[in-house]
1. Hey, if you put +1 on the Cβ of every Lys and Arg and -1 on every Asp and Glu Cβ in region A:215-314, which of A:V293, A:G246, A:L269 ends up farthest toward the positive end of that dipole?
2. Alpha carbons only, please: Rg and Dmax for region A:46-136, in angstrom.
3. Scan chain B and hand back the longest stretch that contains none of the GluC sites (Glu not before Pro) lying in DSSP loops with at most 16 other Cβ atoms within 10 Å.
4. I need the shape label for region A:239-355. Rule: rounded when a/c is under 1.5, else prolate if a/b > b/c, else oblate, with a, b, c from the alpha carbon gyration tensor.
5. Go through region A:124-206 and name the trypsin sites (Lys or Arg not before Pro) that are in a DSSP coil and have 15 or fewer other Cβ atoms within 10 Å of their Cβ.
6. Per residue of B:238-248, what is the mean number of Cβ atoms on other protein chains within 10 angstrom of that residue's Cβ?
7. Suppose each label sits 7 Å from its Cα in the direction of the beta carbon; what would the B:E60-B:K34 distance come out to in nanometres?
8. Please report, in Å, the Rg and the Dmax of region B:47-201, where both are computed over Cα atoms only.
Protein chains: 2
Amino acid sequence: MHRLPAPGWAVPIFLVAGGAPLTVAADTSDPATKAPPFVSADATAHLRAITVPFSSFASEEGRTAYGRLFGGDHHAPEADANIAVRRAYYDRFNSALARRAEEIYPVHIEAQVLGGVKTEVITPKEGVAARERGRVLINLHGGAFLWGEGSGGEIESIPIASVGRIAVVTVAYRQGPEFKFPAASEDVTAVYRELLRDHKPENIGIYGCSAGGILTAEAIAWFQKEQLPMPGAVGIFCASAGKFGGDSSFLAPELSGQPPLPGSTEGKLSFTPYFSDVSVSDPLVLPMNSKQVLAQFPPTLLIAGSRDFAVSSVCQTDIELSKVGVKTELHIWDGLWHSFFNNPDLPESREMYSIVAKFFDRHLGRTVRSPTPGG
Amino acid sequence: MHRLPAPGWAVPIFLVAGGAPLTVAADTSDPATKAPPFVSADATAHLRAITVPFSSFASEEGRTAYGRLFGGDHHAPEADANIAVRRAYYDRFNSALARRAEEIYPVHIEAQVLGGVKTEVITPKEGVAARERGRVLINLHGGAFLWGEGSGGEIESIPIASVGRIAVVTVAYRQGPEFKFPAASEDVTAVYRELLRDHKPENIGIYGCSAGGILTAEAIAWFQKEQLPMPGAVGIFCASAGKFGGDSSFLAPELSGQPPLPGSTEGKLSFTPYFSDVSVSDPLVLPMNSKQVLAQFPPTLLIAGSRDFAVSSVCQTDIELSKVGVKTELHIWDGLWHSFFNNPDLPESREMYSIVAKFFDRHLGRTVRSPTPGG
């Protein structure tokens, strides 16, 4: 451990009840000559070039996966590569994960068109549990509003359908670069309307990861605009109902040797052309802009790894929803990364699937609706 | 933003569903010559000497407090200084905070001896709310099991008593260096037994911050050993039911220009002589050692700032309690530090007080027990 200069090193100042107006010596040293780590008067932190071991709380499987995922050389296509090339690249990863998930979690996967939108309906091979009949989950896949259709939705749905013994409808929503906001919100809404024909709204849950998490929040706002009833519960994973930003937008890239998500440190949505024409102040884009919209959210499950660039905004979403009286449930796995639970071989992924299944089981309604002709 | 070497920078790899066995080129570059940021094969992260602005999600008041608390020169006494000198130093801060809190949250403070243990009973000046009669909170102050008695307990209790309109009993438990584990657990238990004479256990809540959070968890384990009924709910703030460690034990000190808490990165309790004779495997010291003990925890509120060295272990506690079926509620304020809520002038502190009050209101029982002679 490096010895740090400074008086009072013996007991870190942060053991003091924090933040009182203190009688302190003015810091007159020249920041240009000060050696990190230090904090300047404007509260900017100046770090040293430290090494951080993999988290002592995470699994060995997680360590191995982290080393392979972030320690190797990857050859993702450039941002200006043809979208089909980029989609094929990520589809290769997602397909491998989805096929691995099916080995562990046998499911039926059936293509269906609901409300004019392409979906896959995923159900456990041993059948939907009796208490889950009448309930359904909608999954909104991740992939930067650019890719992830198909295999990306499958990897996010297969373990949940199986562990929860519940039907999961994963939606192939329109995305960039071909389409722009609000195309995906419209598609989710079309599927939701169709499911409302034979499901009570309180028996429907919606969840998504990354872009799918953003879309989950946007769907709730869109449903309000369309005066549709709220679903029973939602899950926003590795994403926010508001802007990205905060500490993790700086630290996560550094911890993974990756560049930051474009725009993430400034609260912009420039990482995807899907949002190129929006205002980030629009509550239909980022519901956190409106306390009124937020206050109508159903119970919300929030999940991330501590090394996810989005985790600060996930925590922020939890606080903001709590402030307006929405029931939240937040879980953060230390040391883990964005969408870690798409690796079904991690113990932490199994913990996550169990938590998701229990959350929806606890919050979705139970009574089955008789099919109403004309819905 | 620094340009990073590597193919595929255009879209960070972490947008890929995470952690699949990837076909990647073996990293044959010599780590000694590689430029950070990068991750080595053993998953160790090598960071650059970056600057991190104060969190975009935190308040301006938080920024000002952070700059003053961590940006100035502090003159805390050395670890080998006389304990009276050290206590006087921290008492000065805590007293200033407590008196400030009383300006905002007027209370009565009454010294009482309960079960042979010195306490202060803190009640809102406008009186305990009708629905809070029959309920009581026990506060266990922070301070490294070295200081914090008196004013440290007051600053942690005054806002909660006032916002919750509930009585808070803050306990002057025996601590180091004069006393060692399990002295504090015994004292908390003595107060608890006394309160059980005229309170139903489900109407009692216990919460603590930092050392007080550790002690809260230990008290639950000790009550089980003594075959006492569980209290209605607990709050563990800026602390863990298990070891410190994980990412925050490395990052928080760096973000605050402070040395790490001694032993924190290795899961040791060497930061205080109170634990000098214990085994860290003992569930009475760290309840997370026993699933059986953990499983009997009442509903648990977990709170920290993201820049708290303890936050990784707080998240870990949430996961481990959830795994054994205990109801948890986790909230993390981005950018904030260890015990931030002891500054009553931060907006985030007010949010925290409200969340704590609502949590106990939701989880404590309501019926009042008739006093039973002889308990």
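Please treat every number below as a calculation from the coordinates, not as lab data. Please read all numbers here as calculations on a predicted model, not as lab measurements. Note that each Cβ is placed from the backbone with ideal geometry, even for glycine, and that neighbours are counted across all protein chains shown.
1. A:V293
2. 19.8, 56
3. Numbers: sites that count: B:E78, B:E126, B:E178, B:E226.
The longest such stretch corresponds to B:227-375.
4. Values: a/c = 1.99, a/b = 1.15, b/c = 1.73.
Oblate shape, in that a/c is at least 1.5 and b/c is the bigger or equal ratio.
5. Numbers: sites: A:K125, A:R131, A:R133, A:R135, A:R165, A:R174, A:K180, A:R193, A:R197; in loops: A:K125, A:R133, A:R135, A:R165, A:R174, A:K180, A:R197.
Sites meeting the loop and neighbour criteria: A:K125, A:R133, A:R197.
6. Details: counts 3, 0, 1, 0, 1, 2, 1, 5, 9, 15, 4.
If you average over the peptide's residues, the count of other-chain Cβ atoms is 4.
7. 4.4 nm
8. Looking at region B:47-201, its Cα Rg and Dmax stand at 18.3, 58 Å.
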